[in-house]
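As structure tokens, the structure follows; a few thoughts come after it.
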Amino acid sequence: MMLNRKNKGRTGRLGSMVAITAVAALALTACNSGSASSTDTSSPSAGGGDQKITFIPKQLNNPYTDVVLGGGKKGATEAGFASSQVVGPLEASASSQVSFINAETQAGTNVIAIAANDPDAVCTALGEARSAGAKIVAFDSDTNPDCRDIFISQVVAKDVALIQTKLISEQIGGSGEIAILSATANATNQNEWIKYMEEELASNPAYKDIKLVAKVYGDDNDTKSFQEAQGLMQAHPNLKGIISPTTVGIAATARYLSTSAYKGKVALTGLGLPNEMRPFVKDGTVKEFALWDPAQLGYVAAFAGKALKDGKITGAEGDTFTAGELGERKVEKGGLVIVGPPTVFNAENIDKYNF
Amino acid sequence: MSSALDHKNATTPAPDAGARGAVASLLRMRELPVLIALALLVLVTYLINPLFLTAQGVKDLLLNATIIMILAVGQTLLIITRNIDLSVGSMLGLVAFGTGSLFSAMPDVPIIAVFVIGMAFGALLGAVNGALVTLAKVPALVITLGTLYVYRGLNNAWAGGKQYFAGDRPEEFGALSVNTFLGFPVITLLAIVVVIAVAIYMSGTRPGRDLYAIGSDPDAATAFGIKVSKRVFLAFLANGALAGLAGVLYASRFNSVGATTGTGMELTVVAAAVVGGVAIFGGSGSVTGAALGAVLLTTITSSLTALRVDKFWQQAIVGVLILTAIIIDRVASLRTAKKLRISEARNV
């Protein structure tokens with residue numbers, strides 16, 4: 001590009017500017033058509049009048065977010081919204097969502113479901129939306145509690161820990177040495193889960209024969225996690241199982257086990273993405289692992305929005321609403337709704353998930 | 001010219017060869033300290049934890065070294081000419097992700113074609129580095145620091161949040177880094193072939209010797225009629241092709257390739273070359289040494305883990321090794337310089 005410009009001089013520069021403008025225009029058109037096609041106006045049948053819900057994720061084009069929003073659309077249709085759409089920034093910066101919120105306020109959207117990039121940066125804009133009559137549902141990543149009506153959270157940290165200890169115990173037959181292969185040594189999420197796991201292993205009599213012999217850190221790096229998995233095998237010849245509460249770690253360990261002599265002899269479980277873990281579940285390296293289902297998050301958010309807008313709940317502690325096929329959900333202290341529990345994936349159900 | 005080579009390149013046998021000369025030249029080999037350190041490391045680890053050398057353990061050690069070994073060979077070509085390529089991690093990442101994309105777009109593409117395409121892609125990236133360094137006459141350190149970020153940025157833009165997993169690639173491709181031949185993993189054998197081929201090229205051919213001459217004294221090399229720019233450009237190109245090969249092998253061995261694949265690898269590669277006795281000021285060292293350095297570095301990580309040493313010590317130990325290698329190098333070159341002064345004084 002640079003060289004071309006130099007050679008062609010002025011006309012070249014003009015040409016490239018035209019090209020850039022054209023590309024930008026195309027990109028904008030693509031964005032518009034993207035939002036347009038995501039608007040779903042085909043289901044007024046549920047009797048919700050002409051209520052509209054808009055999802056504002058942290059950023060567009062994120063594979064994980066796409067799954068959440070897919071669930072959100074499904075929920076919006078089932079809950080009876082006349083239309084649902086997704087708008088949002090391409091980059092997850094603190095203030096990038098504000099203009100989208102303002103646009104929704106002007107459009108008179110009834111429910112705004114938002115995953116905040118910054119808990120405070122969106123507050124003023126959300127305040128205006130609320131005074132114009134909109135209900136605010138935060139999902140995935142909370143705003144300041146004063147700025148929304150309700151917050152839909154994935155799972156309880158303790159549940160995430162307990163499902164993993166339960167799975168490993170089942171897979172190693174309730175006794176033997178286990179190890180944990182985590183992300184970085186100071187990862188907040190993982191350390192919280194590990195703390196609960198250690199407490200559970202120590203206090204639950206069902207786990208009295210399970211001994212946690214090592215905690216190692218693969219830094220969420222494929223190569224490093226790989227070598228840590230090797231090291232665990234050599235350092236602990238009697239190891240029966242590994243828990244890896246991080247998607248990178250479990251996949252790297254699974255790859256190592258499946259290509260080594262330890263395949264089928266050492267159990268592995270933890271938190272993983274179905275798409276990444278599919279081959280290892282199919283080839284028998286991993287029996288079962290867990291993760292929350294991101295689609296359920298969007299699904300529950302849509303139903304919560306509907307219940308708020310219809311005045312069935314206010315977001316106060318103790319309120320309950322029905323979230324379609326997932327059944328009843330209760331609002332806890334601080335306007336918190338837990339989607340949980342984590343989903344367990346195995347050879348039977350893994351093909352139903354695509355994320 | 002040739003005397004300049006001799007005193008820098010200590011592997012050249014002494015003129016008064018004999019049994020004693022052979023032993024002496026063996027002792028002066030740059031690779032020897034690395035070899036001894038490696039042997040000691042493996043032995044001590046094995047005595048404390050016999051599991052270290054089970055069939056699976058040996059296979060793991062070799063596999064761990066393979067990719068860094070290939071990258072260290074490429075890097076050595078450049079360091080010998082007083083250049084460096086810091087963008088190898090980013091090049092490897094781009095090629096690894098490219099390999100994933102290729103298999104996803106064309107699942108039936110022949111594996112040999114993937115290797116050819118990967119190496120050609122790497123060579124192209126290396127050629128960009130080479131062209132910038134030789135045309136702009138800016139130190140390679142700066143240029144390749146720039147392309148480190150440029151290539152990583154391209155990888156980010158191309159991959160986004162997308163990752164390709166081992167399951168997306170054909171089983172025979174992944175099997176390359178699982179199957180063994182005479183106890184050696186297939187991809188390790190490939191790396192050994194690369195090391196031997198480049199080692200012969202470097203010590204036995206005119207262009208190979210030219211690279212040493214360029215690194216010893218670029219001005220003298222120019223005066224002697226060596227096409228410095230062309231040789232340096234080709235060295236960058238070759239390094240790119242090797243990084244491409246390493247990228248394809250990475251995709252074969254590891255589970256996921258994505259936007260961050262290979263981040264930070266360049267430092268391990270330069271460290272491997274330096275530990276293997278390749279002088280950072282150019283003109284001296286061998287690809288065999290660099291390959292041994294790569295094996296030593298990756299083996300340290302494995303053995304410290306097998307010995308249950310706190311992994312936070314590992315980096316410190318690697319640092320001490322690098323410093324030791326540099327000090328040995330310095331002492332050796334001072335001694336050779338002194339000897340040469342004495343012998344030349346006698347000849348006069």
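What follows draws every value from the coordinates through simple rules; no lab data is involved. Everything numeric here is computed off the predicted structure, so don't read it as measured data. FYI the Cβ positions are ideal-geometry reconstructions off the backbone, even for glycines, and counts take in every protein chain you see.
Over region B:108-195, consider all pairs of different Cα atoms and compute the Kirkwood hydrodynamic radius from their mean reciprocal separation; express it in Å, one decimal.
Values: mean 1/r = 0.0626 Å⁻¹.
Final number for the Kirkwood radius of region B:108-195 is 16.0 Å.
Restricting to Cα pairs below 8 Å that are 6+ residues apart, what does the relative contact order work out to for chain B? Please round to a whole percent.
On the way: 554 pairs, mean separation 115.3, N = 348.
Answer for chain B is 33 percent.
Can you tell me the alpha carbon radius of gyration of chain B divided by the globular rule-of-thumb value 2.2 N^0.38 Å? Don't jump to the answer; show the numbers that get you there.
Numbers: Rg = 20.7 Å, N = 348, 2.2 N^0.38 = 20.3 Å.
Taking the Cα Rg and dividing by 2.2 N^0.38 Å, one obtains 1.02.
Between residue B:108 and residue B:141, what FRET efficiency follows from the Cβ-Cβ distance if R0 is 45 Å, with the result rounded to 0.05?
Numbers: r = 43 Å, r/R0 = 0.95.
Rounded to the nearest 0.05, the efficiency is 0.60.
For a bin width of 10 Å, list the pair-distance distribution of region B:58-142 built from all Cα-Cα distances, rounded to whole %.
Going from the shortest bin to the longest, the percentages are 15, 40, 32, 13, 1.
So what is the 222 nm mean residue ellipticity for chain A from helices alone, if each DSSP H run of at least 4 adds -39500 (n - 2.57) and you divide by all residues, rounding to the nearest 500 deg cm²/dmol?
After summing the helix terms and dividing by the residues of chain A, the value is -14500 deg cm²/dmol.
May I ask for the net charge around residue A:313, where only other residues with Cβ less than 9 Å from the Cβ of residue A:313 are counted and Lys, Arg are +1 while Asp, Glu are -1? It would help to have the intermediate numbers written out before the result.
Numbers: positive: A:312; negative: A:149, A:310, A:319.
Result for the local shell: -2.
Place a label point 7 angstrom from the Cα of residue A:208 along the Cα-to-Cβ direction, then list the residues of region A:169-187 whose backbone nitrogen is under 20 Å away.
So the set is A:169-178.
What is the sum of charges around residue A:102, taking Lys and Arg as +1, Asp and Glu as -1, for the other residues whose C-beta is under 15 Å from the C-beta of residue A:102? Could the numbers behind the result be given before it?
On the way: positive: A:130; negative: A:104, A:128.
Value of the local net charge: -1.
Within a 10 angstrom radius of each residue's Cβ in B:250-259, how many Cβ atoms of other chains show up on average? Whole number is fine. Don't skip to the answer; put the middle values down first.
Details: counts 2, 0, 0, 6, 8, 17, 8, 1, 1, 0.
Across the residues of B:250-259, the mean count of other-chain Cβ atoms within 10 Å is 4.
Could you pull out every whole DSSP H run in chain B that spans at least 20 Å of Cα extent along its own axis and averages -0.5 or higher on the Kyte-Doolittle scale?
Working: long enough: B:31-48 (26 Å, 2.48); B:55-80 (36 Å, 1.57); B:88-105 (25 Å, 1.46); B:111-136 (37 Å, 2.23); B:140-159 (27 Å, 0.82); B:186-204 (27 Å, 2.67); B:228-253 (37 Å, 1.06); B:287-306 (28 Å, 1.47); B:312-347 (54 Å, 0.53).
Span-like helices here: B:31-48, B:55-80, B:88-105, B:111-136, B:140-159, B:186-204, B:228-253, B:287-306, B:312-347.
Lys and Arg at +1, Asp and Glu at -1: add these up for the other residues within a Cβ distance under 13 Å of residue A:262 and post the number. Kindly include the intermediate steps, with their values, before the conclusion.
Details: positive: A:240, A:255, A:263, A:265, B:59; negative: B:60.
Every neighbour counted, the sum reads +4.
Counting only residues 5 or more places away or on other chains, whose amide H sits under 5 Å from the amide H of residue A:211 once H atoms are built in the peptide plane?
Excluding prolines and chain starts, which carry no amide H, the hits are A:176, A:177, A:178.
Can you tell me the FRET efficiency between residue A:312 and residue A:189 if r is taken as the Cβ-Cβ distance and R0 is 35 Å, rounded to the nearest 0.05?
Taking R0 as 35 Å, the efficiency between residue A:312 and residue A:189 is 0.60.
Taking 8 Å as the Cα distance limit and 6 or more residues as the minimum spacing, I'd like the relative contact order of chain A as a percentage. Present the calculation step by step, with values, prior to reporting the outcome.
Details: 708 pairs, mean separation 62.1, N = 355.
For chain A, the relative contact order is 18 percent.
For chain A, go through all pairs of different Cα atoms, get the mean of 1/r, take its inverse, and jot down that Kirkwood value in Å. If you can, show how the numbers build up before the last one.
Details: mean 1/r = 0.0444 Å⁻¹.
Final number for the Kirkwood radius of chain A is 22.5 Å.
In cubic angstrom, how much convex hull volume per residue do the alpha carbon atoms of the protein assembly as shown span?
Working: hull volume 131.5 nm³, N = 703.
Residue-normalised Cα hull volume stands at 187 Å³.
Express the Stokes-Einstein translational diffusion coefficient of region A:166-281 in µm² s⁻¹, to the nearest whole number, given a Kirkwood radius over alpha-carbon pairs, 4 °C and a viscosity of 1.567 mPa s.
Working: Rh = 14.0 Å.
This corresponds to a translational diffusion coefficient of 93 µm²/s.
Give the residue from B:184, B:142, B:196 lying farthest towards the positive end of the charge dipole for region B:130-222; charges sit on Cβ (+1 for Lys and Arg, -1 for Asp and Glu) and the dipole is referred to the Cα centre.
My answer, from the dipole projection, is B:142.
Please provide three numbers in whole Å: the alpha-carbon extents of region B:20-168 along the principal axes, with the largest listed first.
Largest first, region B:20-168 extends 54, 45, 26 Å along its Cα principal axes.
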